[in-house]
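Have a look at the structure below, then the notes.
The values are calculated or read from the model by the stated rules, or taken from the named source; none is laboratory data. Please read all numbers here as calculations on a predicted model, not as lab measurements. Glycine also receives a Cβ, built like all others from the backbone with ideal geometry; neighbour counts cover every protein chain displayed. Note: areas computed on protein heavy atoms with side chains; ligands, DNA, RNA excluded. Shrake-Rupley method; radii C 1.70, N 1.55, O 1.52, S 1.80 Å.
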Amino acid sequence: GRSMGSRAAASVIRHLSQEDDADFIQGLVCLSYPLHRPKLQSKLRDEDLLFIRCPVLFVSGSADEMCEKQLLEGVASKMKAPKKIHWIDRANHGMAVKGRTTDDVMEEINAQVFSWLRGNIELEHK
């Protein structure tokens, strides 16, 4: 999910993972996870992340006004799930970077996501 979609996906995974037959959940990709409201870093939206056990990939901008780098790294260090954070240099919450095209930024994001998927998710061969 992206932004609120990643927060919603984390919530769904947390609730599904409390059920016995939730082993179909193989991972979570969070693009621009909204860890806090802009300029309101004291109230973190990390409650679901701390209960997730499946692998998690965060792709966030280093200048994201809704996900301060140090705060996400602190939350990630408390998570029990395998996790990886990839920072898009100078990207804001919308993944815009001055001096880079949208396509260029998306190529970096896609490369990270596909690489992570190959390394962490068991793909069924049909």
Which residue, Ala96, Ala111, Ala63, has the most motion in a Gaussian network model of the chain that connects Cα atoms within less than 10 Å?
Ala111
Using a Gaussian network model of the chain whose springs link C-alpha atoms within less than 10 Å, name the residue from Gln112, Gln18, Gln41 with the highest mean-square fluctuation.
Gln18
When you take every Cα atom in the chain, what is the radius of gyration, and what is Dmax, the widest Cα pair distance, in Å?
14.6, 48
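Express the carbon and sulfur contribution to the solvent-accessible surface of the chain as a percent, rounded to the nearest whole number, probe 1.4 angstrom.
Of all accessible area on the chain, carbon and sulfur atoms account for 52 percent.
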Using amide H atoms built in the peptide plane, which far-off residues or other-chain residues are under 5 Å from Ile85 H to H?
Phe58
Lysine pairs in the chain with alpha-carbon atoms under 17 Å apart, 8 or more places apart or on different chains: how many are there?
6
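So what is the 222 nm mean residue ellipticity for the chain from helices alone, if each DSSP H run of at least 4 adds -39500 (n - 2.57) and you divide by all residues, rounding to the nearest 500 deg cm²/dmol? Display every interim value, and only then the final one.
On the way: 3 runs with 43 residues, N = 126.
When only DSSP H runs of four or more count, the value is -11000 deg cm²/dmol.
Report the extension gain between Phe24 and Glu73 in nm, rounded to one decimal, defined as 0.36 nm multiplied by the number of residues separating them, less their alpha carbon distance. Intermediate results must be reported in sequence, preceding the final value.
On the way: separation 49, 0.36 × 49 = 17.64 nm, distance 2.71 nm.
In short, 14.9 nm is gained.
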Write down the accessible area per residue of the chain in Å², having rolled a 1.4 Å probe over the full set of protein chains.
60 Å²
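What is the sum of charges around Glu108, taking Lys and Arg as +1, Asp and Glu as -1, for the other residues whose C-beta is under 11 Å from the C-beta of Glu108?
On the way: positive: Arg100; negative: Asp89, Asp103, Asp104, Glu107.
Net charge in that neighbourhood comes out at -3.
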Could you give me the ³J(HN,Hα) list for segment 65-79, computed from phi with Karplus coefficients 6.51, -1.76, 1.60 and θ = phi - 60°, whole Hz, x at Gly and Pro?
6, 10, 7, 4, 3, 4, 5, 5, 5, x, 5, 4, 5, 8, 6
Of Leu49, Gly61, Ser17, whose Cα points farthest to the positive end of the dipole of the chain (charges on the beta-carbon: +1 Lys, Arg; -1 Asp, Glu; origin at the Cα centre)?
Gly61
Residue span Asp104 to Leu16: 0.36 nm per residue of separation minus Cα-Cα distance leaves a gain in nm of 28.1 nm
